[in-house]
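Novice: Shown below is the structure under consideration.
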């Protein structure tokens, strides 16, 4: 590892910046929201896993998003609904976790919505509705992505300043975000984890990363981009592990085809 001064790290972070969208509470009119009851089209079956309905997390209107800022590769229209296991029993490192989250995408915005919640969802699987507005932000990578740097010479103040550079865009609000770089809590290698786990390698320990198949698969990790991250949020009653975050990832080629069936999710917490 090389020793790089803090101002060079700042230059790398700002030079790597990409557009993203922050989701914040609004009292204005908005179809998009976190929690509550989804306005899921009647033709869409409420998703379940192992015979139990999944919890509804959020719904996003991409026309509302693109009216604020057009994220590269993201749809200009259509709507997405995000669901996840009520028990939070999966964290995304095991290939067997597939199915414990579902993202439904539809371009039919005129169909009458289903407004009822299916039986089988417990209180912990229901979240308070928070209508959200979208705000264009600039997303910079976390210093954890700079794996080739020796940070031993950095002071606590240095780290505070670098973390502030990463988090200032959220203005002390929950870190709900579309696109951009993740606000990682543990490892900042989620693209690789998505690539390996979605291709059958368990990333719960080092064995998945060291598997001979991983070498051939690693190149495909660059295909993955952050679709949505949802922070723990007292307003909605969402608590992911211990003040954690859920991250939904999608491959660029799948997003281009508007195919959300292969989205991968990772939960991280402190």
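Novice: Among the candidates 86, 59, 44, which residue alone is part of a loop (DSSP other than H, G, I, E, B) and either modelled with pLDDT of 95 or more or within 15 Å of the chain's Cα centre (by Cα) (or both)?
Specialist: 86
Novice: Please pick out the residue among 237, 241 that is in contact (Cβ under 8 Å) with a residue 40 or more places away in the chain, farther than 30 Å from residue 15 by Cα, surrounded by fewer than 16 Cβ atoms within 10 Å (Cβ to Cβ) and within 17 Å of the chain's Cα centre (by Cα).
Specialist: The match here is 241.
Novice: Before we move on, is residue 180 at pLDDT 95 or above, touching a strand residue (DSSP E or B) at 6+ places or on another chain (Cβ under 7 Å), part of a loop (DSSP other than H, G, I, E, B) and within 17 Å of residue 264 (Cα to Cα)?
Specialist: For residue 180, the condition - at pLDDT 95 or above, touching a strand residue (DSSP E or B) at 6+ places or on another chain (Cβ under 7 Å), part of a loop (DSSP other than H, G, I, E, B) and within 17 Å of residue 264 (Cα to Cα) - is met.
Novice: Could you please let me know if residue 231 is surrounded by fewer than 16 Cβ atoms within 10 Å (Cβ to Cβ), touching a residue at least 40 places away in the same chain (Cβ under 8 Å) and touching a strand residue (DSSP E or B) at 6+ places or on another chain (Cβ under 8 Å)?
Specialist: no
Novice: I want to confirm something. Restricting to region 89-104 and keeping residues that are in contact with a helix residue (DSSP H, G or I) (Cβ under 9 Å, 6 or more places away or on another chain) and outside any loop (DSSP other than H, G, I, E, B), which single residue is nearest to residue 39 (Cα to Cα)?
Specialist: 97
Novice: OK, next. Has region 72-83 got at least one residue that is crowded, with 21+ Cβ neighbours inside 10 Å, out of contact with any helix residue (DSSP H, G or I) (no Cβ under 7 Å at 6 or more places or on another chain) and in a loop (DSSP other than H, G, I, E, B)?
Specialist: no
The values are calculated or read from the model by the stated rules, or taken from the named source; none is laboratory data. Predicted model, so just to flag it, every value in this text is computed and none were measured. Because the Cβ atoms are built from the backbone with ideal geometry, glycine has one as well, and the counts that use them run over all protein chains shown.
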